[in-house]
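Structure first, then comments.
The values are calculated or read from the model by the stated rules, or taken from the named source; none is laboratory data. Only a predicted model underlies this, so the values are computations on that prediction, with no experimental measurement involved. FYI the Cβ positions are ideal-geometry reconstructions off the backbone, even for glycines, and counts take in every protein chain you see. We work out accessible area using only protein heavy atoms, side chains counted, and drop any ligands, DNA or RNA first. Shrake-Rupley method; radii C 1.70, N 1.55, O 1.52, S 1.80 Å.
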Amino acid sequence: MSYVTKSPWIIHYDGSSCNGCDIEVLACLTPMYDVERFGIINTGNPKHADIFLVTGSVNEQNISVIKQIYEQMPRPKVVVAIGICATSGGVFRECYNIMGGVDTVIPVDVYVPGCAARPEAIIDGVVKGLGVLAEKRARLPQELADERARRAESPRDEDDTTEDVITVDVAGGADAAEKGDA
Amino acid sequence: MSGNITVTIISVAAYFILAPFIGGLLAGIDRKLSARFQGRCGPPVLQPFYDVFKLLEKEPVTVNGAQDFYVACCLVFMIITGAFFFAGLSLLLVIFTLTTAGLFLVAAAYSSNSPYAQVGAERELLQMMAYEPMVLLTAVSLYLVTPIYDDYGSVLHSFNVIDIISHTHVGVQYLPGVFIGLLFVLTIKFRKSPFDLSMSHHAHQELVKGLTTELSGKTLAVLEVSHWYENVFLLGFVFLFFANGTALMIVVGVIVCLVAYFFETFIDNVNARMKWQFAFNASWIVSLVCGVVNLLIIYIAVIYFGWGV
Ligand code: SF4
């Protein structure tokens, strides 16, 4: 059994939004909903996080922020898009500076629609994310071994470990972007 | 003599094996209690263990190799500190090894270029400056109330933990001020509010996670385990004030340790975080008023009036 599902730590980022979903995410931490009973901690640090909660849509200026947070999270990691803004751009979709949902930049694993998404729905989304997290965890050793093998075959500069991850992720993001546009 | 060595080996081994369990459980109870204080249900008591196992499963990502090494050294020195303590060796040795462990942690934070880690490291150094005088005063005070006799009947004093716990004096009787001072700086050592300046267990602060910002996965797990070791050993310090070699006082000592831990959790929950200036001033003032005054009285009693000799 994987422990990652028993102690999912979360990082939360709010993009272009009305802050409605943002507040609902924080409401999950209150005594009323108390997500800590599932071992969930709201960390402010991508390097400690397992689940990336994004509320709000993506605009030209926060693309790099979202990518950076995602890339800094050690695997296995899961992205949960919360609210219709994060899912598809929502009411902001037609704005000149909006790219659309989070999946235009990084791969998203769980979508929680709603405007605003209710805390119950958010918790449900995170719990769905745990299933994905467990699958990813099971694949991780193989992935790491493959990467090591690849690096051994084609040695590049010394410090290219993170770059490797970035290449993989950006490719995933580009895929998603095409789908989003279509 | 060989009997003593056996006891020493057993207690050190017990510390080595049991401390992580006790420390982890204490951390779990701490989180559960905090949740209850806040009217929440809280995570399972075993949550800290889940967290550490989870961290061990994560992808290894480090900013540089030196960092892992420093954090590993921190754990090793923390274990050595406790081993010295539970082997009954000199308190001074114990304190200096503890400081070394702390310095390795600071070095780990400095070795990354992250501004958050760097500021965290600086604050950690300030915290060390804040608590160190009181910790040393504690050692000196316990030394003064532990007279032992050499073969010719003249009086010596002893820093050795084994002498302190087996001596018939109950330390806290003579050192109430020092005890209060120690409890005060323990808040810093346990990293509790209002003094959790360098690394906060609570989310969203201006320093992200301070010292631990750049640590992830296994490295963070190692650090977490070293905290468990540290907490158990620090409670041992509290215990020294009560032990007098009898079974009754051992029970009392353990109960007081648990109460002290509860008290620290409580303080954590009813306080906001203070600035480092406050932490620094407050702990030095408390050290001075409670610690030095108490020490002075005992010193005069021992040296001029031959008390306890
Ligand atoms: S989905 Fe609705 S509530 Fe949530 S951020 Fe968008 S507009 Fe606000």
* **Residues that are open to solvent by 10 Å² or more (accessible area, probe 1.4 Å) and either in contact with a Ser or Thr (Cβ under 6 Å, 6 or more places away or on another chain) or over 27 Å from A:R137 (Cβ atoms) (or both), drawn from the range A:63-84** => A:I63, A:S64, A:I84
* Asked: In this structure, is B:L248 at pLDDT below 90 and away from every other protein chain (no Cβ under 14 Å)?
  -> yes
* Structure fact -> Listed by range, helices (runs of 4 or more DSSP H) wholly within the range B:82-173 having at least 3 residues that are modelled with pLDDT of 90 or more are B:91-110, B:115-144
* To do: Quickly run through the range A:20-51 and pick out the residues that are assigned to a helix (DSSP H, G or I), more than 8 Å from chain B (Cβ to nearest Cβ) and more than 16 Å from the ligand (Cβ to nearest atom).
  => A:V35, A:P46
* Structure fact -> Within the range B:225-241, the residues that are among the aromatic types (F, W, Y) and open to solvent by 20 Å² or more (accessible area, probe 1.4 Å) are B:F239
* To do: Mind listing just one residue for me: the one in the range A:90-124 that is assigned to a loop (DSSP other than H, G, I, E, B), β-branched (V, I, T) and more than 15 Å from the ligand (Cβ to nearest atom) and, of those, nearest to the other protein chains (Cβ to nearest Cβ)?
  => A:I106
* Asked: Which of the residues belonging to the range A:61-94 are under 24 Å from A:A116 (Cα atoms) and polar (S, T, N, Q)?
  -> A:Q61, A:N62, A:T87, A:S88
* To do: Could you grab me the full set of residues in the range B:221-236 that are at pLDDT below 90 and either within 14 Å of chain A (Cβ to nearest Cβ) or not in a helix (DSSP H, G or I) (or both)?
  => none
* A:V54 vs. criteria closer than 28 Å to B:A221 by Cβ, within 16 Å of the ligand (Cβ to nearest atom) and among the hydrophobic types (A, V, I, L, M, F, W, C) -> yes
* Structure fact -> Checked the range A:3-19 for anything open to solvent by 20 Å² or more (accessible area, probe 1.4 Å) and either more than 16 Å from the ligand (Cβ to nearest atom) or over 17 Å from the mean Cα position of the chain (by Cα) (or both); matches are A:Y3, A:T5, A:K6, A:W9, A:C18, A:N19
* To do: Determine whether B:G42 is at positive phi and at pLDDT below 90.
  => yes
* State whether the residues of the range A:78-89 include one that is within 13 Å of the chain's Cα centre (by Cα), away from every other protein chain (no Cβ under 14 Å) and not β-branched (V, I, T). => yes
* State all residues of the range B:15-67 that are of a type in the set (A, V, I, L, M), surrounded by 19 or more Cβ atoms within 10 Å (Cβ to Cβ) and within 9 Å of chain A (Cβ to nearest Cβ); if no residue qualifies, say none. => B:V52, B:L55, B:V61
